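Have a look at the structure below before the remarks.
The values are calculated or read from the model by the stated rules, or taken from the named source; none is laboratory data. Quick caveat, the model's predicted, so the values are computed rather than measured. Glycine gets a Cβ as well: all are built from the backbone with ideal geometry, and neighbour counts include every protein chain shown. Quick note on the areas: whole protein, heavy atoms, side chains included, nothing else; ligands and nucleic acids left out. Shrake-Rupley method; radii C 1.70, N 1.55, O 1.52, S 1.80 Å.
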Amino acid sequence: MPGPRWSSLGMPLVSEMLSQIAARDIANDRVEHTVRVLNILSLTFASISILSTLLALYWFGRMRRSFRHELILLLVQSDCLKSMATVIFPIVTLVRGEIRSDSAFCQASGFVLSVGIESADMAVLLIALHSVMYLFRPRSGLYPYRHIAYAVFYLFPVTTACLAFIGGNGYENVGHYCYLRNDLGWTRLSLSWVPRYIVCVSIVAIYAFIYIYIRKRMGDYGRRHSEVWQQRTPRGSHSTPTTCRLFSRGRLPSAASSRRTSAADTISALKARHGSASSTSAVRPLDPRASTEV
């Protein structure tokens with residue numbers, strides 16, 4: 001009789017194990033479906049980003065550029081590099097299936113994506129530095145230090161991306177792209193988030209300084225302009241309108257009616273002068289000698 005007892009005791013264990021396996025399979029199917037959807041979305045929007053950046057590169061290549069345009073062009077190139085990394089990885093995943101984290105393709109894709117992200121941050125920071133230096137060096141800005149700026153733009157992202165390989169494989173598959181490993185703890189924090197926070201705080205501080213500085217200078221200019229105007233205009237005096245001064249000085253032509261009136265006034269004045277002259281000559285006194293002779 002021990003057989004049925006053991007079988008009755010083992011049935012719940014077997015059913016529980018089967019339910020766990022089924023739940024695990026359902027969870028895996030959901031994860032695979034989620035990853036597939038993420039890969040499709042990443043491929044779609046990254047393709048749109050690549051087309052946009054290629055169009056921007058085309059127009060920047062045709063236009064006459066300044067140094068600010070060169071910095072913006074660096075930012076566009078960085079975005080194009082990121083978009084290429086997020087396009088190629090989903091295509092390979094959809095074609096060949098899941099990519100292992102220790103594969104060379106995942107390491108190369110993560111390296112390119114990390115370089116693109118860090119170079120974009122550096123480009124935005126250089127644009128902000130050029131803007132603030134342009135206030136004090138209006139004709140040059142950051143241009144005299146362009147070689148240092150280019151060196152920082154290219155060397156810093158490559159250096160931070162290479163430091164991820166200190167502990168072996170530096171990148172892992174996170175679903176729809178490969179990026180810095182999260183299990184080591186220090187790589188993603190020190191090579192990605194800390195530099196990004198520093199860049200973000202620096203950009204906010206730079207543009208806040210630009211806003212405060214320009215607002216203060218505009219206020220000073222307005223006060224100086226009002227003081228100069230008050231010094232030129234005496235107190236209690238009323239300035240004559242410009243049109244009145246021009247009319248009074250004869251700089252503007254008068255109307256036809258005014259010309260006729262002035263001509264009539266001139267003629268009457270001449271007649272009055274002529275009449276007064278003739279009357280004066282008519283009442284002129286006689287010669288005393290003539291009166292004596294008579």
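Whether any residue in segment 167-179 is of a type in the set (A, V, I, L, M), assigned to a loop (DSSP other than H, G, I, E, B) and at pLDDT below 90 is what I want to check. Checking segment 167-179: at least one residue is of a type in the set (A, V, I, L, M), assigned to a loop (DSSP other than H, G, I, E, B) and at pLDDT below 90. Set side by side, the residues Gly168, Gly141, Gly222 differ, and just one is at positive phi and either open to solvent by 40 Å² or more (accessible area, probe 1.4 Å) or more than 21 Å from the chain's Cα centre (by Cα) (or both), which is Gly168. Looking across segment 45-61, the residues that are over 19 Å from the mean Cα position of the chain (by Cα) and open to solvent by 70 Å² or more (accessible area, probe 1.4 Å) come down to Phe45, Ile48, Leu51, Leu54, Tyr58. The conditions of being part of a helix (DSSP H, G or I), modelled with pLDDT of 55 or more, farther than 30 Å from Leu73 by Cα and open to solvent by 90 Å² or more (accessible area, probe 1.4 Å) are not met by Arg5. As an exercise: evaluate Leu189 against (1) closer than 26 Å to Thr44 by Cα; (2) open to solvent by 40 Å² or more (accessible area, probe 1.4 Å) and give the number of the one condition it does not meet. Status for Leu189: all satisfied but (1).
Pairs meeting the criteria (first residue in segment 126-153 and in contact (Cβ under 8 Å) with a residue 12 or more places away in the chain, second residue surrounded by 13 or more Cβ atoms within 10 Å (Cβ to Cβ) and among the polar types (S, T, N, Q), beta carbons under 7 Å, at least 6 apart or on different chains) are Phe153/Ser119. Name the single residue that is nearest to Ile40 (Cα to Cα) among those in segment 171-180 being among the aromatic types (Phe, Trp, Tyr) and open to solvent by 10 Å² or more (accessible area, probe 1.4 Å). So, considering only residues that are among the aromatic types (Phe, Trp, Tyr) and open to solvent by 10 Å² or more (accessible area, probe 1.4 Å), the one nearest to Ile40 (Cα to Cα) is Tyr177.
Inspect segment 84-92 for any residue being closer than 21 Å to Phe156 by Cα, surrounded by 15 or more Cβ atoms within 10 Å (Cβ to Cβ) and within 25 Å of the chain's Cα centre (by Cα) and give the result as yes or no. There is at least one residue in segment 84-92 that is closer than 21 Å to Phe156 by Cα, surrounded by 15 or more Cβ atoms within 10 Å (Cβ to Cβ) and within 25 Å of the chain's Cα centre (by Cα).
Selection over segment 149-165 of residues that are open to solvent by 60 Å² or more (accessible area, probe 1.4 Å) and either under 19 Å from His69 (Cβ atoms) or not in a helix (DSSP H, G or I) (or both) gives a count of 3.
Pairing each residue of segment 78-94 that is charged (D, E, K, R) with any residue that is surrounded by fewer than 19 Cβ atoms within 10 Å (Cβ to Cβ), provided the two are 6+ apart or on different chains, yields C-beta distances under 7 Å for Asp79/Ser49.
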